Amino acid sequence: MEEGRSRSALRLVGLERDGVKVLDVKTEEKDDKLYVTLRAEVDGAAGEYKITFYREGSGARRLMFYVKGEEAVARVVKLVEVLTGERPSVAERPDGLTRIGGAGRHIDALARYEELREAIERWSNR
């Protein structure tokens, strides 16, 4: 979290980098989770991406979402990598979905963005 506070906050909406353009962002805190919904274009394909932030039993902070199809996986991996600077984990499931996951370092990187900083800090400090 310190990284998000130590730097000037970046604007997420309007960000255009490496084929990613963020159009809108919304956050919702529910129960012990934080949901971030991004509307973005990745390599020209518009989509809505809902990221779930949660804690493991050990207290470790994680983020995840599920997608289906190779192209969708590639777009989500690129989105997370552009926004955080780090590639997320990718795990295929037997049901055809692919789980995209991130660790605390991904969450800290997302906290650099003005639109996410307060919600992430509030959720992280619960």
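The values are calculated or read from the model by the stated rules, or taken from the named source; none is laboratory data. Just so we're clear, the structure is a prediction, and the values are computed from it rather than from any experiment. All Cβ positions, even for glycine, are placed from backbone atoms using ideal geometry, and neighbour counts span all protein chains on display.
Numbers for the structure displayed
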read-out: Members of segment 24-54 that are β-branched (Val, Ile, Thr) and buried (at least 16 other Cβ atoms within 10 Å of the Cβ); value: Val25, Thr27, Val36, Val42, Ile51
read-out: Leu83 being buried (at least 20 other Cβ atoms within 10 Å of the Cβ), at pLDDT 95 or above and either assigned to a helix (DSSP H, G or I) or more than 12 Å from the chain's Cα centre (by Cα) (or both); value: yes
read-out: Index of the failed condition, Ala9 passing every other in (1) surrounded by 13 or more Cβ atoms within 10 Å (Cβ to Cβ); (2) at pLDDT 95 or above; (3) within 16 Å of Ala111 (Cα to Cα); (4) over 12 Å from the mean Cα position of the chain (by Cα); value: (2)
read-out: Residue match in segment 82-90 (condition: touching an Asp or Glu at 6+ places or on another chain (Cβ under 6 Å) and of a type outside the set (Phe, Trp, Tyr)); value: yes
read-out: Of residues in segment 55-80 being loosely packed, with under 11 Cβ neighbours inside 10 Å and among the small types (Gly, Ala, Ser), the one nearest to Glu41 (Cα to Cα); value: Ala60
read-out: Selection within segment 95-114 - buried (at least 21 other Cβ atoms within 10 Å of the Cβ) and assigned to a helix (DSSP H, G or I); value: His106, Ile107, Leu110
read-out: Residues that are within 19 Å of Asp43 (Cβ to Cβ) and in contact with a strand residue (DSSP E or B) (Cβ under 7 Å, 6 or more places away or on another chain), drawn from segment 85-101; value: Pro88, Val90, Thr98, Ile100
read-out: Tally, over segment 37-77, of residues that are assigned to a strand (DSSP E or B) and either of a type in the set (Asp, Glu) or on the phi > 0 side of the Ramachandran plot (or both); value: 2
read-out: Filtered residues of segment 12-36 (kept if under 28 Å from Glu56 (Cβ atoms), in a loop (DSSP other than H, G, I, E, B) and at pLDDT 95 or above); value: Leu12
read-out: Among residues of segment 34-68, those that are free of Cβ contacts under 8 Å to residues at least 24 places away in the same chain and farther than 16 Å from Ser89 by Cβ, counted; value: 11
